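Notes follow once the structure below has been shown.
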Amino acid sequence: MRASIHTKLLVAFLVVAALFIATGAMRLQTVRDISHQSRFLDEAHKRVDLSREIEHALALQMNYTEIALILGDESAIARILRENNRFNNKLAQIEGSAPPSEREIISRIYSAQDQLLSTVADIANLIRDGKVDEAMRVHQQTGRPLYDGIEALVLQIVTNKENDMTRFRDSVSTSVRRANFLNAGVAGAAVFLALILGFIISWSLILPVREADVFLSQLAKGDFSTTINVPNRDEFGVLAAHMNQMSRDLHRLDEEQRHAAQQLRALNEQLEQASKAKSDFLASMSHELRTPMNAILGFTELILDETYGEVPEDINERIGDIHTCGTQLLRLINDVLDLSKIEAGRMELQIEDYLAPDVVNAVTTSLGSLAEEKGLELIATVPPDLPDARGDMKRISQCLINLTSNALKFTKQGRVEITVQLQGDDLIYRVTDTGIGLPPDQVDHLFEEFRQANPAIAHEFGGTGLGLSITKRFVEMHGGRIWVESELGKGSTFAFSVPLRPDRAQTT
């Protein structure tokens, strides 16, 4: 049968309480016994006092008799009678509680006392008749022996009563000592049993807690094969069973996670190999595509420049379209090639000194015709006192071109402004437009590969979604960061910061 902790504690407390109640009951019984014996002792003491008063009354009778004989005083006879009455009264009080042996003695005293009274009456008559010598002879021959006999009998009673009192006193003392020893023994046993119960109960609580502490410490160290052994059949036993079940579940989950992690590592290696193969393929294909595309663009430029002669108007327009599409395709090929090099870890920055105004001029020169074509105002604001910077000018220019071309693409009217600012040890490049803007929930995904804010907008304005991702990679390789501030319908500001003179820039 399983007992709960509450039941164990309750039983222990009840046992201790029962022990103290039993101790108290024994002490109470001891007090009652001693009180009862004390009453017997008091009664014995009273009987001793009565017997001594009887002895005293008898002695006075003898004294008054001798006084009457010596002085011939009849008034002494009255005193003798008074003391005789007191003698009989006290003797009657003793007789009421006397045992049979003493009753026989008292009966003999009564008989002797009657004879003594008769003798005293004869002595009194002789004294009254003036026969003092005759009265003296009667006293010596009859009265004195009677007095001595009665005194001996009274002395027996006094001795018996004193012996009874001594016996009762010894009995009370013995009872008190026995009660003290018994109470001390019971109290000691109660305290000892209480200590034993307290020790058992406390260790039945402490040991499971210690086992649980060791068990949880092993779990915290990652040892999920550990178990806890608690023999208790109470709540601690149930808790230990649950903890062992938890350990088994954790061990099983740990094994499953290890197996899953091993599978994920193998899958990750496969994915990395596939990604590397993809990057290698893209790099190879981009390189193979770029060579003929450069040739196509070169031939279209020669045709447009009328190197091979005058070109008809309708053909010239078609050649221009071919050149524009080829330029866009070449830019896409370059973006794919750059992205594949970055992912493959083969992109290197060419760190050199450069001027920020040169970067901005290259951008405005490259995109000025596009701004004029769309009727947009392209403004560049560069402080004249900017110090020389250090970095990969080509890649920084590419970042600024990507941001500016995006701004021109998504702006239907208004302007696009490029600004450069020195802030501490960083150069801040900003591109602000009055275009369509971005909703807040789409800002966080702008810099992911092949990701655009809205598919419908991408379909309208075109683009692959690679430019911002490549820009972010180049900025981070310089040790900088990129961010965007935008409000839907009111335009956007794309900005990136790069160290003015970086101590160390990433090469890949």
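Things to note:
- Applying the set (1) under 27 Å from Leu500 (Cβ atoms); (2) assigned to a helix (DSSP H, G or I) to Pro384 leaves exactly one unmet item: (2).
Here's the yes/no breakdown for (1) outside any helix (DSSP H, G or I); (2) of a type outside the set (Val, Ile, Thr); (3) farther than 21 Å from Glu476 by Cα:
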| site | (1), (2), (3) |
| --- | --- |
| Gln350 | yes, yes, no |
| Asn361 | no, yes, yes |
| Ala371 | no, yes, yes |
| Ala380 | yes, yes, yes |
| Lys394 | no, yes, no |
| Cys399 | no, yes, no |
| Thr404 | no, no, no |
| Gln413 | yes, yes, yes |
| Thr419 | yes, no, no |
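- Flag for Asn160 being assigned to a helix (DSSP H, G or I), over 60 Å from the mean Cα position of the chain (by Cα) and in contact (Cβ under 8 Å) with a residue 12 or more places away in the chain: yes
- Every pair of residues 6+ apart whose Cβ atoms lie under 7 Å, when the first sits in the range 118-133 and is within 17 Å of Met62 (Cα to Cα) while the second is surrounded by fewer than 14 Cβ atoms within 10 Å (Cβ to Cβ): Ala124/Glu74; Ile127/Gly72; Ile127/Glu74; Val132/Gly72
- Restricting attention to the range 112-124, the residues that are over 14 Å from Pro145 (Cβ atoms) and loosely packed, with under 14 Cβ neighbours inside 10 Å total 2.
- Output for the range 225-272, where each listed residue is modelled with pLDDT under 80, charged (D, E, K, R) and over 21 Å from Trp203 (Cα atoms): Glu272
- Looking only at residues in the range 298-310 that are closer than 19 Å to Gly326 by Cα and at pLDDT below 75, the one that is surrounded by the fewest Cβ atoms within 10 Å (Cβ to Cβ) is Glu306.
- Lone qualifier among Gly326, Gly320, Gly345 - being on the phi > 0 side of the Ramachandran plot, at pLDDT below 85 and either loosely packed, with under 12 Cβ neighbours inside 10 Å or of a type outside the set (Val, Ile, Thr) (or both): Gly345
- Some residue of the range 253-261 being under 29 Å from the mean Cα position of the chain (by Cα) and surrounded by 11 or more Cβ atoms within 10 Å (Cβ to Cβ): yes
- For the range 207-263, taking the residues that are in contact (Cβ under 8 Å) with a residue 40 or more places away in the chain and part of a helix (DSSP H, G or I), the one that is farthest from Leu10 (Cα to Cα) is identified as Gly237.
- Residue list for the range 91-105, restricted to those being modelled with pLDDT of 75 or more and either of a type in the set (A, V, I, L, M, F, W, C) or buried (at least 19 other Cβ atoms within 10 Å of the Cβ) (or both): Ala92, Ile105
- Members of the range 73-106 found to be within 25 Å of Asn63 (Cα to Cα) and assigned to a loop (DSSP other than H, G, I, E, B), listed by number: Asp73, Glu74
- Applying a threshold of 8 Å to beta carbon distances and a minimum spacing of six or more residues, or different chains, the list of pairs starting in the range 177-193 at a residue that is farther than 18 Å from Ile34 by Cβ and in contact (Cβ under 8 Å) with a residue 60 or more places away in the chain and ending at one that is surrounded by 13 or more Cβ atoms within 10 Å (Cβ to Cβ) and not β-branched (Val, Ile, Thr) reads Ala189/Leu19; Ala190/Leu19; Ala190/Phe20; Ala190/Ala22; Leu193/Leu19.
The values are calculated or read from the model by the stated rules, or taken from the named source; none is laboratory data. Keep in mind that what you see is a predicted model, and the values were worked out from it rather than measured. Backbone-built Cβ (ideal geometry, glycine too); neighbour counts: all protein chains shown.
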